[in-house]
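Read the structure below first, then the notes.
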Amino acid sequence: MEEIKRKHIGTYDIIYHKSQLKCTERPGDDPASARGFDMNPQQNVLHYAKNQVVDDYVVPIDFDIHKNIRVPMRDGIRLCGDLALPQVPEKVPAVLIWTPFGKDKEYMAPPPFDLEEDDKSHEADIAAEMKRNQGKTSPWSIPHGPDAMTFIENHYAVVTMDLRGACNSEGDAEYFGNGQDSDDLCDAVEWLSKQEWCNGKVATTGCSWIAMASWYAAAKHPPALACIAPFEGHSNMYRDEYMRMGIRDIGFARNFFTPGYTYQEHIRGLMQEYPVWNDYWESKRCPLEKIEVPMLITVGYYSYYHVRGTFEAFQKASSKEKWIHINPVGAYEKIVDPEYMQDVIRLFDHYCKGVDNGWEATPKVRLSLLQPGGSPIVDRAEADWPIPRTKYQKLYLDAATGTMAPEKPQESQIAYDTELEHPRYNNVKEIFENDPLSGRAEFTYTFEEDTEVVGTMELKCYVEAQGYDDMDLFAHIVCLDENDQILYTEGEHKFGYTGPDNRLRVSLRALDEARSTEHFPEQSFKVMEKLKPGEIVPIDIQIWPTGIKFRTGTKLRLVIAGYDYMGHPLPGGENTRFQPDNHGLHVIHTGGDYDSFLSIPII
């Protein structure tokens, strides 16, 4: 029987289950062969000399790694980290990399990275990332993190720390948020700033989880945190990932999300216990408006979980000094790109070392636009995000013709069967070419001139369920050429990206009036309103941000479905797909009294 314990906090419980001493939950793993940990790893110092060769890498600077340092938290728990310290006469700032993936990267995906073609586990995904980076980075880079040597050779200490409950860090592990994890990160920042080698300044950087942790800690204002450089990370755990728009998603709801030997937050159990918004989920929503620290955000358009939260962090943070760099490729590529990382060095030099390097003149927004089927437009300077000159064009849905247009059509409706089977394919092109035209509704708009669609789309439409009391709706944007052939960019994990999407459990459609603004509807997810037979209700969905240039004659197609039409690139096969709760028919009402529309942002 699984070992479970609970911690009561105010109005909710956090559920924990016993960690496993293996690195993944991959089906078929033999627990006897799982990799374990030295319960009391020794602290020692590893010396590296300039021009020394390590794994075919030539070391560019004298430095030491202080292995397994212990960093005390406010409650007495000690976290385990590695400190890489350049051998230079001056005191240096610290770059903190806060990770659940293992500071000793072999815990998560050890060499030689032998992968089976059909291995879709998260461990295989991490291994693939590390394999891609071999020869491009130093031996001291970790998954989803920067190459530590980027900072060491620029006279920064780099501290890679296993968060609470991960690997050799003590305590019980939690999924980021406004509670224990962000308190720990703040404690680590302050402890590092007081070490004799440190100049009193600390910065953070990293992708995904590592970036998310930065949001939550920055909102608590640890005095020594000089700046942050997050590379994509959502900021609302319910809305954007685990219960995305009210629909349960087990994709990264890991049963055991990190190697360890204590207890870990049982996210799947909590998803079942708390299907609607409560104080637990509120504790996982970052109060972005409290962030005041200088920051440089890096983001692309096609990260499966991170896009909306990353753009929202830039929009809502109260920082007076904030920049966003929007790239045509993913953050995982940029964080190991030495040329790109010079931007981060310039930011850190300015705020951690006081270097007058002209950083303030960097454009607040550097915009890239995808041109599906062609080369992207990159690094165009803009004043703000959303782009201040944005105009929102309503395209009204017409069920009778399957089109969209600026003029309102006559009343009509279209229905689709939600109980059809839809197989999983390997990329968006296969999906488009093989998934039969059934189980969904499509509405197409043809551009009469070159048009840049940049920002957040809004879908408002009237829907009805026939044969059930709820609906899980998935809305996808698909780019097409003049001949109705799919246009796409390579996207995350080479799966392909053809436009943004979002979804909604219709019973959780009620808007949060305090947080919703024009063009940016926000659901509260607090009240479940089941549908009555024959009831037609309006829904309002914020489609995730994008930046696409459509050429004259190309098309934008809105697909509304009862399943995740364009699929997703994440590892895990069938086990990571959304699990919609649909039965019977979905009916989309358009025209007349039902002004269903898609609002697109045009610059």
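The values are calculated or read from the model by the stated rules, or taken from the named source; none is laboratory data. What you are looking at is a predicted structure, and each value in this text was computed from that prediction instead of being measured. FYI the Cβ positions are ideal-geometry reconstructions off the backbone, even for glycines, and counts take in every protein chain you see. Please note that ligands, DNA and RNA were not included when accessible areas were found on the heavy atoms of the full protein model with its side chains. Shrake-Rupley method; radii C 1.70, N 1.55, O 1.52, S 1.80 Å.
Out of Thr401, Thr390, which single residue is over 30 Å from His325 (Cβ atoms), of a type in the set (Val, Ile, Thr) and open to solvent by 20 Å² or more (accessible area, probe 1.4 Å)? Steps first, please.
Values: Thr390 fails: over 30 Å from His325 (Cβ atoms).
Criteria check complete, one pass: Thr401.
Taking the residues in the range 343-377 that are surrounded by fewer than 13 Cβ atoms within 10 Å (Cβ to Cβ) and within 29 Å of Tyr497 (Cβ to Cβ) as candidates, determine which candidate is modelled with the lowest pLDDT.
Ranking the qualifying residues of the range 343-377, first place goes to Gly374.
Restricting attention to the range 544-567, does a residue exist that is open to solvent by less than 30 Å² (accessible area, probe 1.4 Å) and either free of Cβ contacts under 8 Å to residues at least 60 places away in the same chain or in a helix (DSSP H, G or I) (or both)?
Checking the range 544-567: not a single residue is open to solvent by less than 30 Å² (accessible area, probe 1.4 Å) and either free of Cβ contacts under 8 Å to residues at least 60 places away in the same chain or in a helix (DSSP H, G or I) (or both).
Every residue in the range 193-233 that is assigned to a loop (DSSP other than H, G, I, E, B) and closer than 22 Å to Met341 by Cβ, please.
In the first step, residues of the range 193-233 are kept if they are assigned to a loop (DSSP other than H, G, I, E, B); the result is 194-197, 208, 219-224, 232-233.
Matches in the range 193-233: Ser208, Glu232, Gly233.
Report, ordered by the first and then the second residue, all pairs with beta carbons closer than 8 Å, sequence separation of six or more or different chains, a first member in the range 387-401 that is assigned to a loop (DSSP other than H, G, I, E, B), and a second member that is open to solvent by 90 Å² or more (accessible area, probe 1.4 Å).
Ala399/Gln413; Ala400/Gln410
Could you look through the range 471-521, keep only residues that are among the charged types (D, E, K, R) and touching a helix residue (DSSP H, G or I) at 6+ places or on another chain (Cβ under 8 Å), and pick out the one that is most open to solvent (accessible area, probe 1.4 Å)? Show your work before the answer.
As a first pass, look at the range 471-521 and keep what is among the charged types (D, E, K, R): 472, 481-482, 484, 490, 492, 494, 501, 503, 505, 509, 512-513, 515, 518.
With touching a helix residue (DSSP H, G or I) at 6+ places or on another chain (Cβ under 8 Å) added as a condition, the list becomes 472, 503, 505.
Values: Asp472: 0, Arg503: 0, Arg505: 40 Å².
Once the filter is applied, the top-ranked residue is Arg505.
Step by step: first the residues of the range 277-310, then only those that are in a loop (DSSP other than H, G, I, E, B) and charged (D, E, K, R), then the one that is farthest from Ile247 (Cα to Cα). Which residue is that?
Restricting attention to the range 277-310, the residues satisfying the condition of being in a loop (DSSP other than H, G, I, E, B) are 277-278, 283-284, 286-287, 291-294, 300-306.
Filter again for charged (D, E, K, R), leaving 284, 292.
Numbers: Lys284: 17, Glu292: 32 Å.
By that ranking, first place goes to Glu292.
Hey, Arg380 hits all of (1) within 24 Å of Gly553 (Cβ to Cβ); (2) over 24 Å from the mean Cα position of the chain (by Cα); (3) open to solvent by 60 Å² or more (accessible area, probe 1.4 Å) but one; which does it fall short on?
(2)
Cβ-Cβ below 9 Å, separation at least six or inter-chain, first residue in the range 416-427 and within 21 Å of His589 (Cα to Cα) and of a type in the set (D, E, K, R), second modelled with pLDDT of 90 or more and open to solvent by less than 70 Å² (accessible area, probe 1.4 Å): which pairs?
Asp417/Gly562; Asp417/Gly584; Asp417/Leu585; Asp417/His586; Glu419/Gly562; Glu419/Asn582; Glu419/Gly584
Might you let me know whether the range 524-540 holds any residue that is closer than 20 Å to Ile603 by Cα, of a type outside the set (D, E, K, R), over 21 Å from the mean Cα position of the chain (by Cα) and open to solvent by 30 Å² or more (accessible area, probe 1.4 Å)?
Kept after step one, since they are closer than 20 Å to Ile603 by Cα, are these residues of the range 524-540: none.
No, that holds for no residue.
For Ala224, indicate whether it is open to solvent by less than 30 Å² (accessible area, probe 1.4 Å), within 21 Å of Ala84 (Cβ to Cβ), free of Cβ contacts under 8 Å to residues at least 40 places away in the same chain and not hydroxyl-bearing (Ser, Thr, Tyr).
Judged against the criteria, Ala224 is a match.
Which members of the range 151-180 meet the condition of being surrounded by 22 or more Cβ atoms within 10 Å (Cβ to Cβ), of a type in the set (S, T, N, Q) and either assigned to a loop (DSSP other than H, G, I, E, B) or at pLDDT below 95 (or both)?
Of everything in the range 151-180, those that are surrounded by 22 or more Cβ atoms within 10 Å (Cβ to Cβ), of a type in the set (S, T, N, Q) and either assigned to a loop (DSSP other than H, G, I, E, B) or at pLDDT below 95 (or both) turn out to be Asn168, Ser169.
Going through the range 410-441 one residue at a time, which ones are in a strand (DSSP E or B), over 18 Å from Asp501 (Cβ atoms) and of a type outside the set (D, E, K, R)? Please lay out each step first, then the result.
First, pick out the residues of the range 410-441 that are in a strand (DSSP E or B): 412-417, 440-441.
With over 18 Å from Asp501 (Cβ atoms) added as a condition, the list becomes 412-415, 417.
Those that are in a strand (DSSP E or B), over 18 Å from Asp501 (Cβ atoms) and of a type outside the set (D, E, K, R): Ser412, Gln413, Ile414, Ala415.
Would you mention how many residues in the range 181-203 are open to solvent by less than 40 Å² (accessible area, probe 1.4 Å), of a type in the set (S, T, N, Q) and more than 17 Å from Trp215 (Cβ to Cβ)?
Count: 1.
Check off (1) open to solvent by 10 Å² or more (accessible area, probe 1.4 Å); (2) among the hydrophobic types (A, V, I, L, M, F, W, C); (3) more than 16 Å from Ser303 (Cα to Cα) for Ala253 and give me the number that stays unchecked.
The number of the failed condition is (1).
Can you name the number of the only condition in (1) at pLDDT below 95; (2) farther than 22 Å from Ile15 by Cβ; (3) assigned to a strand (DSSP E or B) that Gln264 fails?
(2)
Can you name every residue in the range 28-72 that is open to solvent by less than 80 Å² (accessible area, probe 1.4 Å), assigned to a loop (DSSP other than H, G, I, E, B), of a type outside the set (Asp, Glu) and modelled with pLDDT of 85 or more?
If the condition is that a residue be open to solvent by less than 80 Å² (accessible area, probe 1.4 Å), assigned to a loop (DSSP other than H, G, I, E, B), of a type outside the set (Asp, Glu) and modelled with pLDDT of 85 or more, then Ala49, Gln52, Val59, Pro60, Ile61 are the ones that fit.
So, in the range 433-461, how many residues would count as being open to solvent by 40 Å² or more (accessible area, probe 1.4 Å), in contact (Cβ under 8 Å) with a residue 60 or more places away in the chain and not basic (Lys, Arg)? Before you say what the answer is, go through the steps one by one.
We begin by selecting, within the range 433-461, every residue open to solvent by 40 Å² or more (accessible area, probe 1.4 Å); these are 433-434, 436-437, 445-446, 448-450, 460.
Now drop any that are not in contact (Cβ under 8 Å) with a residue 60 or more places away in the chain, which leaves 445-446, 448-450, 460.
Of the ones still in play, those that are also not basic (Lys, Arg) are 445-446, 448-450.
Result for the range 433-461: 5.
Residues Glu419, Glu430: which one is among the charged types (D, E, K, R) and open to solvent by 70 Å² or more (accessible area, probe 1.4 Å)?
Selected residue: Glu419, the only one of Glu419, Glu430 that is among the charged types (D, E, K, R) and open to solvent by 70 Å² or more (accessible area, probe 1.4 Å).
Go through the range 290-311 and give me each residue that's closer than 19 Å to Pro545 by Cβ and open to solvent by 20 Å² or more (accessible area, probe 1.4 Å).
Within the range 290-311, Tyr302, Tyr304 qualify.
Looking at the range 291-306, which of its residues are over 20 Å from Ile210 (Cβ atoms) and more than 18 Å from the chain's Cα centre (by Cα)?
The initial filter retains those residues of the range 291-306 that are over 20 Å from Ile210 (Cβ atoms), namely 292, 301.
Result: Glu292, single match.
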